[in-house]
Amino acid sequence: MNESRILIIEDDDLQFEIYEEALDQYPLARVSTGSAALAAIAKSPPNLLILDHVLADGELGLDFLPEFRELLPYVPIIVVSGALEVHQQIHALQGPRRAHYCLPKPVDVRELKRTVATALQECGESEVVRQFEALERSRRVDALDLFSRSTDRLSRQIRIREKLGKSNDRPNISALARDFGVARRTIIRDLQELIRRGQLKPEVYPEWENPAPEE
């Protein structure tokens, strides 16, 4: 079996059955909302995302693209939806926080299989390597630092959540900053993101929406 894990964000049971049959060579996981997807990604980052637009609980898949791209900057994302206007499809495929592909519903199973295979082969790590080579040639950034930045951020947030889950006390921002070797504002941003994703309760850091300005 192909070891590339696919996370499918889809609230329709019949549509997911199509994915199960068409993509049976891959390990599949499914959630029905973007919020649940963020939690699943934090626990086990996938190799590819398949994203519907109209999800359960009134959520819209494209609204979560920036956060997915932040957490998984080099993982291919395939939007599969019958509810998108042409301008929405174009918008989803443009910009630094874009999806890689956009397929209409009802999905053509053969096209789906081809797209998934192409995405796994040419996007993700292969895409990263090509980008890094270009960046190194132009001497604009340190490629290793760019690659590790998002991984370090996700790892730090997981460890912060574990630390705070063991205590009823409010977090000591300065102590966390020292522990992780980052600035206080970085810890504050991590707490804000964890609360927004529902992975920490707002009571943990009541000032999360309006933190005190850094001196």
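The values are calculated or read from the model by the stated rules, or taken from the named source; none is laboratory data. Being a predicted model, the structure only gives us computed values, none of them experimental. Each accessible area value is taken on the protein alone, full model and side chains, heavy atoms only, with ligands, DNA and RNA left out. Shrake-Rupley method; radii C 1.70, N 1.55, O 1.52, S 1.80 Å.
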TODO: Round to the nearest 10 and report in Å² the accessible area of Lys163, as given by a 1.4 Å probe over the protein chains' heavy atoms.
DONE: 90 Å²
Task: Accessible-area order (highest first, 1.4 angstrom probe) of the listed residues Arg149, Arg161, Arg5 - done: Arg149, Arg5, Arg161
Open item on the list: From the phi angles alone, apply the Karplus equation (6.51, -1.76, 1.60; θ = phi - 60°) to the range 191-200 and give each ³J(HN,Hα) in whole Hz, x where the residue is Gly or Pro.
Closed with: 4, 4, 5, 4, 5, 4, 7, x, 8, 9
Task: Probe 1.4 Å - accessible area at Leu120, Å² to nearest ten - done: 50 Å²
